[in-house]
Amino acid sequence: MPRPIVLGNGELHVGLNASGLVEDFYYPHVGQENHLGRLASHKVGVWCGGVFSWLDDGGWNITQDYPHRSLIGHTRAHHPYLGIILEFDDFVDSQQAAFARSVQVINCRGEPREVRLYFHQVFAIAGNNVGDTAQYLPQAPAMMHYKGRRVFLASARISRDQTYFNEYAAGLYAIEGRLGTYKDAEDGSLSLNPVEHGGVDSVIGLSVSLDPHDSARVEYWLAAGKSHHEALAIHRRLSQEGVLKRLLAADRWWEDWLKPSRKYLEGLPGDRSRLAEKCLMIIKSHIDKNGAVIASCDSSMLNYSRDSYAYCWPRDAAYALWPLLRMGFDHEVLQFFGFCRRTLHPDGYLMHKYQPDGAVGSSWHPYIHPGGHTAPPIQEDETAIVLFLAGQYYYSRQDERFLKDFYDSLIRPMANFLAGYVDETTKLPKPSYDLWEERFAVSTYTVAAVYAGITAAVRLAEASSNSQDAVRWQVVADDMRRAAAKLLYDRDRRYLVRSLPPAGSEGTPDTVIDVASFYGAYIFGLFDIQSEEIINPAKTLAETFGQNNRIQGGLPRYEHDLYDLADPGSLGNPWAITTLWLAQYYLETGKTDEADELIEWVCQKSSSSGVLAEQYDPRNGRALSVAPLTWSQAELLNTLLDGLSKQA
């Protein structure tokens, strides 16, 4: 299930599902330690006139958006039978680890009514629910969940008279034959059980008296800390200041953070300007305080897969930061370079992916490869694109301090690795895994990225007066480009090969039409944009994936892509990323109508809150895999910026 609303402050990240319920709760890193995991969501329920309903039971009409120019989510839930509307304004505090909800409870009937509102909490602290404790704190008042160095406090009150919740219960969840304490709320009354341990959940409830067509505001918050003292301190600050004051502070924080983007986004049409702004904030919500950029915090794929996307892939991160760099968000870019410097392998390359704290992430890449090749378990393009991004940063900022801080510790080691990891016979990079993480080979995309990375390093070396480095790396780049011209273009298919087999093996070139082969060669300047190696592949893409040589919808990654394939009769699920790659080329070559069709296709696939998935079902447009995918959000933003630059 996608996460239509995501909220974060670099330390705490919260994902809400389509019912407006908390389903991801990461702390103290964005993307690491999801304290919900595969458990159910934090339910919200209403009792009124002897009838009870949870927000996810199908009886509510729900809409979601970011209506303000800030990362404050708005969920409106209307229950026609109950005659109740709940309007949530949700945010993560900009200055402390707290998630808060300002809930307007609306009586749609012409009669006075009592409405009981129930908030449910369930955690798998540190990834499991063994040894968790749920405990009522009467002096706070709050319901506390804790284990070790992770402590969460939930509280709620009615805004108008500061009346705190008057019901509570702690109990067992999904163990020993128990469904969960949330069932205790369904009769409109809680048991007041003050403590439980093991696999636990809790519920707090309060009663609101409403006149005919009246409303009242309820405040709810979850404070997170690494100790009881820290969590209690945040809870007390929220109690003293109130949720509304903290909401306004968060709104001001986001308004200030967005300022560098204003001059760029105001040139877009209104609907695209708002969508671009939402993309920008969603990207920011996936950036950890330590500089890691998380691919996606949507954990729903854990229900059918072995792992999630809650890691920092250096390539995904670089693409995510590219539009931020273009708009002047230097802090996030420099933080990421610092993250890469801390995680760089002593041999000068970046690993497959990382946890937000810098630890190496899970991988399916071995050290021993087909044919007996021994090589690092990496995707070489990930190292290359970080070096490319470093070049983009320096060229645009002329930041001498950047060279002083990063040349010896990051730029030179990466460039030396790329320049040394080259086959002496072919002059192309040695094999590594491709950007789709599937094939150990010499992919055209990786060749293009490595070429661009080394070329960027040459200019950085020249800028820092390291002429010997510049000359040595330039020789490698020149040889690589000449070799690419000889080996990577397939004249029979009028396209660039997807990959070459390792040198000396008996394999043959892989000639599958892969959008990444075209895009890498174009965007990284491996071939001139007016060359047949670029012009012909663009035509071949339209012929292969379009109708009457024109793309009518989105593009898959490549021909016969089986990943999450929804329609066996199609060539693959369309991806936002690859669709926008072709749009960028069309913009660059003056085909604005064709570009706009592709951009509009992606815009139409976004949710009302601006969330984009990784891929879509070609039959009905349903979001597949994770949503949001940070890279998808960034690629749309980058493409919209390209369109603005062409208008200027």
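Only the coordinates and a few stated rules stand behind these numbers; no lab work does. Note that the coordinates shown come from a computational prediction; the quantities given were computed from them, not determined experimentally. Glycine gets a Cβ as well: all are built from the backbone with ideal geometry, and neighbour counts include every protein chain shown.
Numbers at a glance
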quantity: Gain in span if fully extended, Asp307 to Glu559, counting 0.36 nm per residue against the direct Cα distance; calculated: 88.2 nm
quantity: Segment 12-166 - convex hull of the alpha-carbon atoms, volume per residue in Å³; calculated: 142 Å³
quantity: Loop GluC sites (Glu not before Pro), segment 451-532 (other Cβ atoms within 10 Å of the site Cβ: 15 or fewer; DSSP); calculated: Glu506
quantity: Long pairs among Lys43/Lys147; Lys591/Lys646; Lys278/Lys646; Lys353/Lys430; Lys147/Lys353; Lys147/Lys226, criterion Cα-Cα beyond 18 Å; calculated: Lys43/Lys147; Lys278/Lys646; Lys353/Lys430; Lys147/Lys353
quantity: Summed side-chain charge close to Phe524 - residues other than Phe524 whose Cβ falls under 11 Å, Lys, Arg +1, Asp, Glu -1; calculated: 0
quantity: Mean-position separation - Cα centroids, segment 574-597 and segment 46-89, in angstrom; calculated: 38 Å
quantity: Low-density loop positions, GluC sites (Glu not before Pro), segment 250-292 - DSSP coil, at most 13 other Cβ in 10 Å; calculated: Glu266
quantity: Helix-only mean residue ellipticity at 222 nm for the chain, each DSSP H run of n ≥ 4 adding -39500 (n - 2.57), per residue, nearest 500; calculated: -11000 deg cm²/dmol
quantity: Within the chain, longest stretch clear of exposed chymotrypsin sites (Phe, Trp or Tyr not before Pro) (DSSP loop, no more than 11 other Cβ within 10 Å); calculated: 368-648
quantity: Local electrostatic count, Ile599, Cβ distance below 13 Å [Lys/Arg +1, Asp/Glu -1]; calculated: -4
quantity: Efficiency of FRET from Cβ geometry, Arg342 and Leu244, R₀ 41 Å, rounded to 0.05; calculated: 0.55
quantity: Cα centroid separation, segment 128-204 to segment 15-41 (Å); calculated: 17 Å
quantity: Contour minus Cα-Cα distance for His228 and Arg482 (0.36 nm per residue); calculated: 85.2 nm
quantity: Net +/- balance of residues flanking Arg150 in space, Cβ distance below 10 Å, scoring K and R +1, D and E -1; calculated: +1
quantity: Full-stretch length increase - Lys404, Ser207 - with 0.36 nm per residue and alpha-carbon distance subtracted; calculated: 64.8 nm
quantity: Rounded FRET efficiency, nearest 0.05, which uses the C-beta distance separating Glu255 from Asp187 and R0 of 56 Å; calculated: 0.80
quantity: Correct option for Rg and Dmax of the Cα atoms in Å [calculated from the coordinates] among (1) 26.4, 85; (2) 27.8, 96; (3) 30.9, 111; calculated: (1)
quantity: Helix 228-241 vs. the chain, principal-axis angle (Cα, 0 to 90°, nearest 10); calculated: 70 degrees
quantity: In segment 315-370, the trypsin sites (Lys or Arg not before Pro) that fall in loop regions by DSSP, at most 11 other Cβ within 10 Å; calculated: none
quantity: Asp161-Ser645 FRET efficiency (beta carbon distance; Förster radius 51 Å; 0.05 resolution); calculated: 0.40
